[in-house]
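These notes are about the structure you will find just below.
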Amino acid sequence: MERITLHAEKRDKTGKGVARTLRRQGVVPAVLYRGGSSVPIKINSKELSNFMHATAGEQVMVDIEFADGEKRLALMKDYQVDPIKGELLHTDFFEVSLTEEIEVTVHVTTTGEPIGVKRDGGLLQHGTREIKIQCLPDRIPGHVAVDVSGLETGKSIHVSDISLGEGIKVLTDAGELIATVTAPIVEEKVEAEAAVPEVAEPEVIKKGKKEEEAGDKA
């Protein structure tokens, strides 16, 4: 698994006011935690932003290095972004050990164009976009790529169809849907038949023969 180094400093003060001051100084407040303990730290905002853009949401191990040479191996667990300014507000890192298995969530992506879409005009529909796994930190995949090119119309791929290799246990329910191809939607064109009104023929009243004869005798 890829590993990236981030340079950090420990900080003594916490709170919203301190966090705002740090951000104005080009520093992002963060927390490095393990179990029930946590260490407040701060990381250069540009360095952290570059890291996040480079990894694009993938799980990547981080060597958090302090000025005194101390290093902590960690994974980014969460982050907060200002919804209006798009500014990175805070990050959480979880310290890990290479000898202890951990539970982590990884993203699921699909590759290829399903045969049911290419040949039959079907529609590819996605299910879950992430799965939970358990393994040693150095075996965590950045993401899980699922090839859907052989998927025919009406067929599906589930979590049970994913193979991640030795040492990785999938914790997500095996029946969870990853992707499926549904039949194309066919719109039935109903031609409105113009209703032709029945025109009643005019009733022709004819005098009967006897009636005519009676009229002649009158």
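Here the spin labels are modelled as points 7 Å beyond Cα on the Cα-Cβ line, and at R3 and L164 they lie 2.1 nm apart.
How would you classify segment 15-99 from its alpha-carbon gyration tensor, with a ≥ b ≥ c the square roots of the eigenvalues: rounded for a/c under 1.5, else prolate if a/b is greater than b/c, otherwise oblate? Intermediate results must be reported in sequence, preceding the final value.
Numbers: a/c = 1.68, a/b = 1.35, b/c = 1.25.
Verdict is prolate for segment 15-99.
In summary, the convex hull built on the alpha carbon positions of segment 40-193 has an orientation-averaged projected area of 14.4 nm².
When each of the peptides 19-27, 112-120 is scored by the mean number of other C-beta atoms lying within 10 Å of its residues, the order from highest to lowest reads 112-120, 19-27.
For segment 103-182, a crude dipole built from +1 on the beta carbon of Lys and Arg and -1 on the beta carbon of Asp and Glu, taken about the Cα centre, is about 100 debye to the nearest 20.
Rounded to the nearest 20, the Cβ-based charge dipole of segment 55-188 about its Cα centre (Lys and Arg +1, Asp and Glu -1) stands at 320 debye.
For the pair H143 and D173, what calculated FRET efficiency results from E = 1/(1 + (r/R0)^6), where r is the Cβ-Cβ distance and R0 = 22 Å, to the nearest 0.05?
Details: r = 19 Å, r/R0 = 0.88.
With R0 = 22 Å, the Cβ-Cβ based efficiency is 0.70.
As a rough footprinting exposure proxy, the listed residues K71, K16 were ranked by other beta carbons within 10 Å of their own, and the order from fewest upward is K16, K71. Of the residues L75, T110, H90, the one whose Cα sits farthest towards the positive end of the charge dipole of segment 1-113 is H90 (charges of +1 on Lys and Arg Cβ, -1 on Asp and Glu Cβ, taken about the Cα centre).
Where a number appears in this text, it was derived from the coordinates with a stated rule and is not lab data. None of these values were measured; they are calculated from a predicted model. Counting neighbours? That spans all protein chains shown, and the Cβs are built from the backbone with ideal geometry, glycine included.
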